[in-house]
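Comments concern the structure below.
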Amino acid sequence: MSNNEANENFLTRMDPRIKLVSLLLLTVTVFLVTNIYMVSILLVTFLTLWLAARLPVKYLTGYMKFLAFLVAFIILLQMIFYADAERNILGIFKLEGLIYGIVLGLRLCALIILLPMLTMTTTLNKLALGMTSLGLPYKAAYIMTTAMNMVPMFQSEIRSIQEAQKMRGMTAFEHKNVIVKAKAYPALVTPLVIGGMRRAQQMGIAMDSRAFGAFKKKTYITEISTQPTDWAALVLVILFCAAMVVGNYYL
């Protein structure tokens, strides 16, 4: 999120309140849509928005690599345990389970893509201001934005721990075998938890020193305003969500 200004695009210029409402509408739509064609359209649309906003492709490929194993596992489970299946594959796997598993996998991918498009194009200050403008208490907005900010911090700390362990001769993270890599990841838990507890303590001290929550009414340096293009974007999102739900009902 530190390069929002450098990577100026239509999402970074959008009112954070419009982005939050759009995110909520699109998330609800993903849960409502169960047709494989409609879910595919949703996923393709989100991928197109990601590329159109010029967001880093390396993060997108990273998410997809992580989700590939999870989606494959979900599909396999549905093929084996799906109830009330009428058609079988090889006498063991259920065709309806295969289709349902693909739908679940596509919906999961769509949901995972949505949130980064908000956090990577909106600074934490504007995001918190947008939440409070929509009526959310400031403490709740602060907790949510702080939790979002923790994700990249933990990712950076994991990389630092891995580099430190490599310098000590640990080569499991560079191994091609997935199982060997998986066995090495528990070694990250202890330093990661200790680092998280230390950071939480420092954050608590900083909040107390600034008298966090002492005043009920807050003032803000930055102001946000909704432009006509923001309202047009919200209308497009509403129409798109409605079309997806209607298409899911009739197909």
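The values are calculated or read from the model by the stated rules, or taken from the named source; none is laboratory data. Everything quoted here is computed from the prediction, not taken from an experiment. For neighbour counting, all protein chains shown are included, and Cβ atoms are generated from backbone atoms with ideal geometry for every residue, glycine included. Each accessible area value is taken on the protein alone, full model and side chains, heavy atoms only, with ligands, DNA and RNA left out. Shrake-Rupley method; radii C 1.70, N 1.55, O 1.52, S 1.80 Å.
Among residues of the range 227-251 that are touching a residue at least 24 places away in the same chain (Cβ under 8 Å) and more than 15 Å from Val28 (Cβ to Cβ), those with a beta-carbon under 8 Å from a residue that is open to solvent by less than 60 Å² (accessible area, probe 1.4 Å) and of a type outside the set (A, V, I, L, M) at least six positions away or on a different chain give the pairs Gln227/Asp15; Asp230/Asp15; Ala233/Ser22; Gly247/Asn35; Leu251/Asn35. When restricted to residues that are modelled with pLDDT under 85 and basic (Lys, Arg), the range 42-82 contains 2.
Taken as a whole, the condition of being closer than 29 Å to Thr12 by Cα and crowded, with 16+ Cβ neighbours inside 10 Å does not apply to Pro56.
Considering only the range 213-220, I want to know if a residue exists there that is outside any helix (DSSP H, G or I), touching a Leu at 6+ places or on another chain (Cβ under 9 Å) and among the aromatic types (Phe, Trp, Tyr). Within the range 213-220 (the criterion being outside any helix (DSSP H, G or I), touching a Leu at 6+ places or on another chain (Cβ under 9 Å) and among the aromatic types (Phe, Trp, Tyr)), the answer is yes, since at least one residue qualifies. Might you check whether a residue that is closer than 25 Å to Gln201 by Cα, modelled with pLDDT under 80 and open to solvent by less than 60 Å² (accessible area, probe 1.4 Å) occurs anywhere in the range 104-126? Yes, the range 104-126 has at least one match.
Ser133 satisfies every condition listed in (1) touching a Pro at 6+ places or on another chain (Cβ under 9 Å); (2) small (Gly, Ala, Ser); (3) modelled with pLDDT under 80 except (3). In this structure, Thr132 does not satisfy being outside any helix (DSSP H, G or I) and touching a helix residue (DSSP H, G or I) at 6+ places or on another chain (Cβ under 7 Å).
If you go through the range 169-198 and keep only what is charged (D, E, K, R) and modelled with pLDDT of 75 or more, you end up with just Arg198. In the range 1-26, the residues that are assigned to a loop (DSSP other than H, G, I, E, B) form no Cβ pair under 8 Å with any partner that is aromatic (Phe, Trp, Tyr) and modelled with pLDDT under 90, whether six or more places apart or across chains. Of Gln201, Gln165, all but one fail to be under 17 Å from Met153 (Cα atoms), modelled with pLDDT of 70 or more and not charged (D, E, K, R); the exception is Gln201. Considering (1) in contact with a Leu (Cβ under 9 Å, 6 or more places away or on another chain); (2) under 23 Å from Ala147 (Cβ atoms), the lone condition that Phe66 does not fulfil carries the number (1). Among the residues of the range 134-157, the one identified as polar (S, T, N, Q) and surrounded by 18 or more Cβ atoms within 10 Å (Cβ to Cβ) is Thr145. Taken together, Met79, Met131 contain a single residue that is surrounded by 14 or more Cβ atoms within 10 Å (Cβ to Cβ) and without any contact (Cβ under 8 Å) to a residue 24 or more places away in the chain, which is Met79.
Checked against the criterion of being under 19 Å from Ala233 (Cα atoms), open to solvent by less than 70 Å² (accessible area, probe 1.4 Å) and β-branched (Val, Ile, Thr), the candidates Thr27, Thr48, Thr61 yield just one match: Thr27.
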